[in-house]
């Protein structure tokens, strides 16, 4: 958890969970010990235990997109924490996602976590039509839009590599180079990176034309591929 030595300001904490190397991300306010949980999946009990270990109270659920490996424990969490669930309206309309306490947000909306932490909704489509990245001071949680030295697949139903090309270029141009990126999966050599490091090292950001990017991203892929079924998994099988 990047909470340094002070007791004020935001913190971001990653919990690696599940057979697909997901990161469940906690965005929190140190002063109030409250947090939002981004993309709760695989095992609600483990997520709740992690919040207890961190000594934080969950006050919001933020969803980067609707794929089951990012949302399948939303309802299970709501049985314990009665909090708002946020997803961009574009993603709700695409997916038909429904749950209790659902709030449909717009790009540019800001929600507050605790007393001091403002989180901004950035529409970052390409992996899905309503994919969202969550920006806060000095950091961004990118879900399946950008990984460490990678980016999200665009062959699943709703994906669009041409849109992803534009999204990535817009994302890196909008953020300071020292912004810390927290991806939705642990697919890289490190769990986090910076925008400057990604501009230097991410091969998907080296593609200068949309045609080159599409060819690289879609190599060996078939458009409109269904999402794979959820694998059988229990917390004891994590690594």
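Scan (1) touching a residue at least 40 places away in the same chain (Cβ under 8 Å); (2) at negative phi; (3) not in a strand (DSSP E or B) for the single condition residue 13 breaks and write down its number.
In the conditions (1) touching a residue at least 40 places away in the same chain (Cβ under 8 Å); (2) at negative phi; (3) not in a strand (DSSP E or B), residue 13 misses (3) alone.
How many residues are crowded, with 18+ Cβ neighbours inside 10 Å and assigned to a helix (DSSP H, G or I) if we restrict to segment 51-77?
Residues flagged as crowded, with 18+ Cβ neighbours inside 10 Å and assigned to a helix (DSSP H, G or I) within segment 51-77 amount to 6.
Is there any pair linking a residue in segment 191-211 that is on the phi > 0 side of the Ramachandran plot and outside any helix (DSSP H, G or I) to one that is surrounded by fewer than 17 Cβ atoms within 10 Å (Cβ to Cβ) and modelled with pLDDT of 95 or more, with Cβ under 9 Å and at least six apart or on different chains, and which?
Matching pairs, first to second residue: none at all.
Tell me the residue from 220, 177 that is without any contact (Cβ under 8 Å) to a residue 40 or more places away in the chain, in contact with a strand residue (DSSP E or B) (Cβ under 7 Å, 6 or more places away or on another chain) and surrounded by fewer than 16 Cβ atoms within 10 Å (Cβ to Cβ), please.
None of the others qualify; the one that does is 177.
Being closer than 12 Å to residue 217 by Cα and either touching a helix residue (DSSP H, G or I) at 6+ places or on another chain (Cβ under 6 Å) or crowded, with 23+ Cβ neighbours inside 10 Å (or both) is the filter here, so list the residues in segment 113-168 that pass it.
126, 127, 151, 152, 154, 159, 161, 162, 164, 165
List pairs: first residue in segment 31-52 and within 20 Å of residue 143 (Cβ to Cβ), second residue part of a helix (DSSP H, G or I) and at pLDDT 95 or above anywhere in the structure, Cβ distance under 6 angstrom, at least six positions apart or on different chains.
39/70; 40/47; 40/74; 40/77; 41/69; 41/70; 44/76; 44/77
Return only the number of the condition from (1) assigned to a strand (DSSP E or B); (2) out of contact with any helix residue (DSSP H, G or I) (no Cβ under 7 Å at 6 or more places or on another chain) that residue 181 does not satisfy.
Every condition holds for residue 181 apart from (2).
Quick one: how many residues across segment 223-234 are without any contact (Cβ under 8 Å) to a residue 12 or more places away in the chain and under 15 Å from residue 127 (Cβ atoms)?
The total comes to 1.
Could you tell me which of the residues 184, 188 is touching a strand residue (DSSP E or B) at 6+ places or on another chain (Cβ under 7 Å), under 13 Å from residue 146 (Cα atoms), surrounded by 12 or more Cβ atoms within 10 Å (Cβ to Cβ) and at pLDDT below 95?
Going through 184, 188 in turn, the sole match is 188.
Tell me, which residue of segment 16-30 that is crowded, with 21+ Cβ neighbours inside 10 Å and more than 12 Å from the chain's Cα centre (by Cα) is nearest to residue 141 (Cα to Cα)?
So, considering only residues that are crowded, with 21+ Cβ neighbours inside 10 Å and more than 12 Å from the chain's Cα centre (by Cα), the one nearest to residue 141 (Cα to Cα) is 28.
The values are calculated or read from the model by the stated rules, or taken from the named source; none is laboratory data. Computed from a predicted model, the values in this text were never measured in an experiment. For neighbour counting, all protein chains shown are included, and Cβ atoms are generated from backbone atoms with ideal geometry for every residue, glycine included.
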